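Report on the following structure.
Each reported figure results from applying straightforward, stated rules to the coordinates on display, with no laboratory input. Everything quoted here is computed from the prediction, not taken from an experiment. A quick note on method: Cβ atoms are made from the backbone with ideal geometry, for glycine too, and the neighbour counts reach across all protein chains shown.
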Amino acid sequence: MSGPEAVADCMFCGIVAGDVPATIVRETPRLIAFRDIDPQAPTHVLLVPRAHHASVAELAGADPDVLAELVREAAAVAADEGHSAYRLVFNTGAEAGQSVFHVHGHVLAGRPLAWPPG
């Protein structure tokens with residue numbers, strides 16, 4: 001299931017609802033940002049729309065304004081953490097590393113990030 005309704009077995013919908021604990025670093029009426037539980041860099045924050053959309057492509061089609069807000073908020077998270085350089089990553093599909101099928105952007109910063117990513 002996708003779309004704006006919360007999905008019962010979605011961990012990120014649970015975080016948005018306040019039923020699953022998370023270390024929240026930033027919130028807007030349409031987004032929530034929280035620390036990743038398995039950080040891959042000194043700063044590793046996830047930005048999640050409050051409405052459930054399975055992938056970034058789905059979000060872009062359904063609500064491009066929220067996607068644009070997510071990108072702006074990623075820059076704000078990096079700045080709040082003291083970083084002018086950061087990486088914003090969206091994984092789409094299991095083979096690309098997506099493990100929670102509620103769109104989320106990873107803000108990574110605080111160490112040199114190699115290219116290509118692994």
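Tabulated values for the structure
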| read-out | value |
| --- | --- |
| Scan of segment 53-98 for residues that are closer than 20 Å to Asp38 by Cα, among the small types (Gly, Ala, Ser) and under 12 Å from the mean Cα position of the chain (by Cα), ordered by number | Ala74 |
| Every residue from segment 47-62 that is free of Cβ contacts under 8 Å to residues at least 40 places away in the same chain and surrounded by 14 or more Cβ atoms within 10 Å (Cβ to Cβ) | Arg50, Ala57, Ala60 |
| Any chance Leu59 is in contact with a His (Cβ under 6 Å, 6 or more places away or on another chain) and among the aliphatic types (A, V, I, L, M) | yes |
| Residue in segment 74-82 that is exposed (fewer than 13 other Cβ atoms within 10 Å of the Cβ) and of a type outside the set (Val, Ile, Thr) present | yes |
| Long-range neighbours under 7 Å by Cβ, at least six apart or interchain, first residue touching a residue at least 40 places away in the same chain (Cβ under 8 Å) and under 21 Å from Pro64 (Cα atoms) within segment 7-32, second surrounded by 14 or more Cβ atoms within 10 Å (Cβ to Cβ) and among the basic types (Lys, Arg) | Leu31/Arg50 |
